[in-house]
1. How big is the dipole moment of region 244-317 about its Cα centre under a simple scheme where the beta carbon of each Lys and Arg is +1, that of each Asp and Glu is -1, and everything else is neutral? Debye, nearest 20, please.
2. Calculate the dipole size of region 18-101 relative to its Cα centre from +1 charges on Lys and Arg beta carbons and -1 charges on Asp and Glu beta carbons; express the result in debye to the nearest 20.
3. Of all DSSP beta bridges located in region 6-236, what percent are antiparallel, nearest 5?
4. Decide, for region 244-317, between rounded, prolate and oblate: order the square roots of the alpha carbon gyration tensor eigenvalues as a ≥ b ≥ c, take rounded if a/c falls under 1.5, and otherwise choose prolate if a/b is larger than b/c, else oblate.
5. Order the peptides 289-302, 108-121 from the highest to the lowest mean number of other Cβ atoms within 10 Å of their residues.
6. Give the order of Phe28, Phe237 when sorted by the count of other beta carbons within 10 angstrom, beginning with the fewest.
7. Sort Ile143, Ile189 by Cβ crowding within 10 Å, fewest neighbours at the top.
8. Could you give the length gained on full extension between Arg126 and Val105, defined as 0.36 nm per residue of separation minus the Cα-Cα distance, in nm?
Amino acid sequence: MPRRPIAELLRQSPVRLAPMASFTNAPFRRIAVRCGSGFTTNEEIDAEALLAGNAWAAESAHTDLDDGVVAMQLLGNSTETLVPAAARLVEAGADIIDINMGCPVPKIVHRGKGAALMRDVAATARILAAVRAAIDVPLTIKIRGGWDECQPNAVEVARMAEDVGVDAITVHPRTRSQRFGGQAPWDVIADVVAAVTIPVTGNGDVTSLAEARAMMDATGCAGVMVGRAALGRPWLFDEAYERLDGARRADYEASVIAEHMDLIEDSFAPRLALLQMKKHLAQYGAGRQDARALRAELFAQPSTAALRATFASQQAHRRPSASLQ
Ligand SMILES: Cc1cc2nc3c(=O)[nH]c(=O)nc-3n(C[C@H](O)[C@H](O)[C@H](O)COP(=O)(O)O)c2cc1C
């Protein structure tokens, strides 16, 4: 298992897929890496649920398909849950453990998890130090700009993290209360870069490799995570894609989508495979004029075979050279 420093991983491949709950499972991570993403991070796994034997958490912890370095992200609010959960994920194949300190969802923050960890910096320092001591792989955190406008403490949290031995930080610079509103304030990323010596990854509103380079130039960050823009467009990580002409792009896209659907079918039980295919095919179809109608049609399909056929026939109308079969 590679135990390479994060700085080296980022130098080699600075732009990578961001973790997204119910999307960045093993099949999509593999697809993103094949398209050119650097190391990936799985969707958040609740430490308590993992320790309690929750089936979904266990399913999310699979790394079998990861042919690159994978970070496993944990949600939690205590040493008692995060330490054993991190150890279990390392045993299961995680190359890096990431602690989620940015999730803004009310039911998560009300339990003191996700972005709530940014509120009590001293308590979070104790948790991170304990996890750091318990695992022998890199430990990273993913933070927001702060809890809210009154507490924009990304720099304080980043300094604390460096002090307790965290190896790298990702910053989505909106505060918890901003959720996804407005433009991501990249200057917060620059402030964090200036405050610590460990590698910082910037995140927020990046939709192309050119924008990722612009974020690195503007903020000095060592890497960039791309989230929403990579849903339905994993080829955005591939520099070569940009140079392809229209027909070749369509063929490339169709082969990526077909491979992704095969991986989903091979990896999940039938019901989950059907749901995952619907979600991702809807993303592949997003941006089209008829995206809403296509989404409704996809979600009405009873089987993976019917889904593939529906999507392929829609693609055939639009792009004569593309096929999913
Ligand atoms: C559907 C969805 C699920 C997300 N799930 C997670 C998650 O599990 N862990 C996490 O750290 N961030 C999560 N995020 C936040 C993203 O990783 C990222 O920080 C955010 O989308 C901003 O980046 P973007 O503008 O490139 O999308 C999620 C975002 C979306 C849209």
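1. It works out to roughly 340 debye.
2. Here region 18-101 has a charge dipole of around 240 debye.
3. The answer is about 0 percent antiparallel.
4. Oblate.
5. Numbers: 289-302: 13.9, 108-121: 19.3.
Ranking the peptides 289-302, 108-121 by packing returns 108-121, 289-302.
6. Phe237, Phe28
7. Ile143, Ile189
8. 5.2 nm
Every read-out reported here was derived from the displayed coordinates using simple, explicitly stated rules and does not represent laboratory data. Everything quoted here is computed from the prediction, not taken from an experiment. Quick reminder, even Gly has a Cβ in these numbers, built from the backbone with ideal geometry, and neighbours come from all protein chains shown.
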